Amino acid sequence: MKRFFAPASIGNFCVGFDSLGAAIAPLDGTLLGDVVSVEAAEQDSFACIGPYAAKLPAQAEENLAYQCLVHFREHVAANMPGVKLTLEKRLPIGSGLGSSACSVVATFAALDAFAQTQLSQTQMIELMADFEGKVSGARHYDNITPCYLGGLQLTAELVPDRALSLPSDDNWRLVVAYPGFALNTAAARAVLPQQLATHDAVEFAQRLSAFTLLMAQQQFDKAVTLMKDEIAEPARAPLIKGFAEARQSLPELGALNVSISGAGPTLFALCASEEDAQRCQLWLQQNYLNKHGFSHICRIDPQGTREIKEGE
Ligand SMILES: Nc1ncnc2c1ncn2[C@@H]1O[C@H](COP(=O)(O)OP(=O)(O)OP(=O)(O)O)[C@@H](O)[C@H]1O
Ligand SMILES: N[C@@H](CCO)C(=O)O
């Protein structure tokens, strides 16, 4: 049996719309992400379990993990023996934490290991990005590659091998808060500006290029000062109840930056210490989450998708 865990991720990472993303891991060891297991069976079958399984369509054919299995058998490993594929859905849907990416990445990683197909990193990323594109209506890599490779990734069609890994500050603490309601990614993309003024496009390029270079040079404090999203955040903030208040209140409690995680509605607060992160988390628990919400203090997850043992 092969069992793989794929971590949650923060798409856009504020300053890199559709081009920057970070895998995250709660400090308390919670597995924030999806788990997929593949075992030999007489014929193919699929099961979806876990805390968010009931939020997904009941039909296997409508589940991305099962669709990945069908695609893998048809296009990658026609001779693979029958398998039982089980998805443990541990991330809410439409959360902004890269939930569909987690299912897709964990499934392809588990199938590749089970069938010993040894696809290259770029082949795997392309396979995964095809599915992400189907769901959100756009082929963006900023959940897929951090989820797969771990770390903070500059990642897009034009980036060589689709991903360039950036160092990050080990002291950074990322408070992620899922408010407890869903925001469909396609809907959150529908409100984006269709065009950018030249001035805005130039500013975006300046910010992202300076941020990535400063990160590469490990000038983390300077890089943080560039974190601003003038493309997606103004359009999406009105869709996320409580975001504007959090954006205003958390810097006073020590957040260096507050932004939307991916397409939202999860938000993240970047903090320089655990004490600041705890203050921000408490505020978010009291003011941002409904009874279905949750929050975690995380670090950037350097590992990405990995094989795990049963019981882990
Ligand atoms: N295994 C799966 N995981 C997540 N979504 C799935 C899965 N299978 C099918 N879906 C469907 O795909 C769509 C995913 O929607 P959407 O892109 O908004 O969510 P998401 O990927 O969870 O968002 P985000 O990347 O912001 O976390 C939903 O309609 C959901 O029912
Ligand atoms: N970059 C994507 C991430 C979706 O999770 C977006 O902001 O729409």
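Condition check for P57 on (1) part of a strand (DSSP E or B); (2) within 12 Å of ligand 1 (Cβ to nearest atom); (3) surrounded by fewer than 24 Cβ atoms within 10 Å (Cβ to Cβ): one failure, at (1). Out of all the residues in the range 188-230, which are assigned to a helix (DSSP H, G or I), within 16 Å of ligand 2 (Cβ to nearest atom), open to solvent by 50 Å² or more (accessible area, probe 1.4 Å) and touching a Leu at 6+ places or on another chain (Cβ under 9 Å)? Passing the criteria: only F204. Taken over the range 143-166, the criterion of being touching an Asp or Glu at 6+ places or on another chain (Cβ under 6 Å) and within 14 Å of ligand 1 (Cβ to nearest atom) is satisfied by I144 alone. Is the range 244-253 home to any residue that is touching a Phe, Trp or Tyr at 6+ places or on another chain (Cβ under 9 Å), under 21 Å from V15 (Cα atoms), in a loop (DSSP other than H, G, I, E, B) and more than 16 Å from ligand 2 (Cβ to nearest atom)? For the range 244-253, residues touching a Phe, Trp or Tyr at 6+ places or on another chain (Cβ under 9 Å), under 21 Å from V15 (Cα atoms), in a loop (DSSP other than H, G, I, E, B) and more than 16 Å from ligand 2 (Cβ to nearest atom): absent.
Give me a count of the residues in the range 121-156 that are away from ligand 2 (no atom under 13 Å from the Cβ) and among the charged types (D, E, K, R). Qualifying residue count for the region: 3.
Quick check on my filter: what residues within the range 3-24 are among the hydrophobic types (A, V, I, L, M, F, W, C) and open to solvent by less than 10 Å² (accessible area, probe 1.4 Å)? F5, A6, A8, I10, F13, C14, V15, L20, A22, A23, I24 - these are the residues of the range 3-24 that are among the hydrophobic types (A, V, I, L, M, F, W, C) and open to solvent by less than 10 Å² (accessible area, probe 1.4 Å). Answer yes if at least one residue in the range 165-182 is more than 13 Å from the chain's Cα centre (by Cα), open to solvent by 50 Å² or more (accessible area, probe 1.4 Å), at pLDDT below 95 and over 17 Å from A22 (Cα atoms), and no otherwise. No, because not a single residue in the range 165-182 is more than 13 Å from the chain's Cα centre (by Cα), open to solvent by 50 Å² or more (accessible area, probe 1.4 Å), at pLDDT below 95 and over 17 Å from A22 (Cα atoms). Is the range 276-293 home to any residue that is assigned to a strand (DSSP E or B) and not assigned by TED's automatic domain parsing to the domain that holds F114? Checking the range 276-293: not a single residue is assigned to a strand (DSSP E or B) and not assigned by TED's automatic domain parsing to the domain that holds F114.
The values are calculated or read from the model by the stated rules, or taken from the named source; none is laboratory data. Because the structure is a prediction, the values reported are computed rather than measured. Neighbour counts run over all protein chains shown; Cβ positions are idealised from the backbone, glycine included. We work out accessible area using only protein heavy atoms, side chains counted, and drop any ligands, DNA or RNA first. Shrake-Rupley method; radii C 1.70, N 1.55, O 1.52, S 1.80 Å.
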